[in-house]
Structure formats: structure tokens, C-alpha cells
1. Considering only residues of segment 203-216 that are in contact (Cβ under 8 Å) with a residue 40 or more places away in the chain and buried (at least 16 other Cβ atoms within 10 Å of the Cβ), which is nearest to E183 (Cα to Cα)?
2. Would you tally the residues in segment 189-202 being among the hydrophobic types (A, V, I, L, M, F, W, C) and either outside the structural domain of V145 (by TED's automatic domain parsing) or without any contact (Cβ under 8 Å) to a residue 40 or more places away in the chain (or both)?
3. Please go through segment 120-164 and give me each residue that is at pLDDT below 80 and of a type in the set (D, E), ordered by number.
4. Residue by residue through segment 130-142, note down the ones that are part of a loop (DSSP other than H, G, I, E, B) and either in contact (Cβ under 8 Å) with a residue 24 or more places away in the chain or in contact with a helix residue (DSSP H, G or I) (Cβ under 8 Å, 6 or more places away or on another chain) (or both).
5. Being surrounded by 18 or more Cβ atoms within 10 Å (Cβ to Cβ) and in a helix (DSSP H, G or I) is the filter here; which residues of segment 22-36 pass it?
6. In contact with a helix residue (DSSP H, G or I) (Cβ under 7 Å, 6 or more places away or on another chain), within 15 Å of I33 (Cβ to Cβ), assigned to a helix (DSSP H, G or I) and in the same structural domain as N27 (by TED's automatic domain parsing) - does that describe any residue in segment 48-60?
7. Which condition breaks for E90 when tested against (1) farther than 28 Å from V60 by Cβ; (2) more than 34 Å from the chain's Cα centre (by Cα); (3) modelled with pLDDT of 85 or more?
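The values are calculated or read from the model by the stated rules, or taken from the named source; none is laboratory data. Please read these numbers as outputs of a predicted model, since none were measured by experiment. Virtual Cβ from ideal backbone geometry, glycine too; neighbours counted across all protein chains shown.
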Amino acid sequence: MGISVKLQEFEGPLDLLLHLIEKNKVNIFDIPIVEITDQYMEYIRAMEEEDMGVMSEFLVMAATLLDIKSRMLLPPETDEEGEPQDPRQELVERLLEYKLYKYMSYELRERQANAGRAAYRGEHMPAEVLSYREPVDPQELLSDVTLEKLNAVFQDVMKRQEGRTDPVRSKFGTMEKEEVDLEETVSYVEDYIAGHRQCSFRDLLQHQKSRMRVIITFLTILEMIRTGRIEIQQDEIFADIRITAK
């Protein structure tokens, strides 16, 4: 029985074979090779255009089908274990692989079409969400604050103070003893903290104009921590330390 088809309906020899198998409603694992080969050869003869680049693929498959057809007429070959071999096995595996990729392409094409019909609204975050900050546990933060870390901040401030001094011109002139009023400096630190209620430990040290005032300020802070008049807080390791008056 003849078939009326055109080359452009199929993407290659395997596509044509799969079409013939589905059209005849036969089991792909038990292909009636004689019938399928006859229909395939009829399709080759019915081709309207002789494009050698395309024809060569179909002719190679035609030769493969004829080879399988002739082997089916001979006594079955056996493998090393004596089991009979089906000449159609390799062709079946190729057809199954092609069928898998073909239907996967249909699925991807459908998803692409569905994606083209999708619409997305622009990014928008409520003000409440943007302003949210994760709660901070003071006990957890203060657990890492030690005198060693406070000393590291102190040493950093001292180095900054040294960096402000000209290493050459500072040696000129007469060295004079620095006069510092201890009670006035302590009162300044206490009043500064009480007035601001909360301040930066680093900024407090940097407000001092001399090495001696920095030392007195540092010792005053330690004493106020010991007596419980202030609290210190550090959001993360190596971050600035905030001082809060109680």
C-alpha cells in the first residue's frame, strides 16, 4: 500500500521510522521489519526533491533496514554465551533514544510558549520589611567584649595620636612637662557620657588632646564599667564599642 508524504514532514530517517511504527501501531521492541522496510522504501521513491545531502541519510537507513531484513531471514546469530541476538536490537535502541529527545523537545517548546505568556510585577518591598532589623542579644555580644579588646582599641587610638605628630619637628625646642588635671579629666568623661547617654568609645578617646588625657579617659572608662555606671555594646567582632550610661 502506498503512502503520500513529503520530506519536510520528517527531521531525518529515525523520525520517519518512528512515524511508520506509530502509524502501524506496532510494538517498537518487535518491529515487523519487512513491512516497515517496504513502507520506508516506498517513501524514498516518493521523494519529490533529490537533495543528495538529505537523501544520503535516508539511503543509509534504507541500507540498514535491508541488512536487518536479510539477517532476519537467516538463522539467528548467537553471542559469546550462546544467546540468540536480535538484528533489530541496535535499531530499537536508537529509536528509543530519538523518541526520548523528541518528546523532551516538545516539553521544552511548550514551557517556552507558556513562559512567553507570563507576566511579573516589579520588585516591591513594604517599608516595614525594609526597616526590619534582626534583634540583637546584648548578652551574646557582650560575651566577646574583654579587656584585651578594649586594650586593642586603646593601642589603635594611641598609634593614631602618634601619627599626628611630626617625627622631625617634634624633636625641636624644649620638652616641657605635661600638666593634666586628673579630677577635671575624670569629670569631663563622666559628664560627656551622661550628656550624650550613648557615645562611641573610639570617639571619646579621640576627643582627648594629649597622651595623658587619653590614658586617664581609658582608666576612667574601666572604672565606670567595674562600678556598673555604664554598659558597653559591640555588634560584631572588631566593630566599634558603644558606651551607654545607666
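1. So the first thing to find is which residues in segment 203-216 are in contact (Cβ under 8 Å) with a residue 40 or more places away in the chain, and the list is 205-206, 211, 214.
With buried (at least 16 other Cβ atoms within 10 Å of the Cβ) added as a condition, the list becomes 205, 214.
Numbers: L205: 17, V214: 14 Å.
Selected residue: V214.
2. So the answer is 1.
3. E123, D137, E140, D144, E148, E162
4. Keep residues of segment 130-142 that are part of a loop (DSSP other than H, G, I, E, B), which gives 131-137.
Correct list: V136 only.
5. As a first pass, look at segment 22-36 and keep what is surrounded by 18 or more Cβ atoms within 10 Å (Cβ to Cβ): 31, 33, 36.
The answer is I33, I36.
6. No.
7. Status for E90: all satisfied but (1).
Let's see how each residue does on (1) in contact with a Phe, Trp or Tyr (Cβ under 7 Å, 6 or more places away or on another chain); (2) modelled with pLDDT under 80; (3) acidic (D, E); (4) exposed (fewer than 15 other Cβ atoms within 10 Å of the Cβ):
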residue: V60; (1), (2), (3), (4): no, no, no, yes
residue: D79; (1), (2), (3), (4): no, yes, yes, yes
residue: E83; (1), (2), (3), (4): no, no, yes, yes
residue: D86; (1), (2), (3), (4): no, no, yes, no
residue: Y98; (1), (2), (3), (4): no, no, no, no
residue: A113; (1), (2), (3), (4): no, no, no, yes
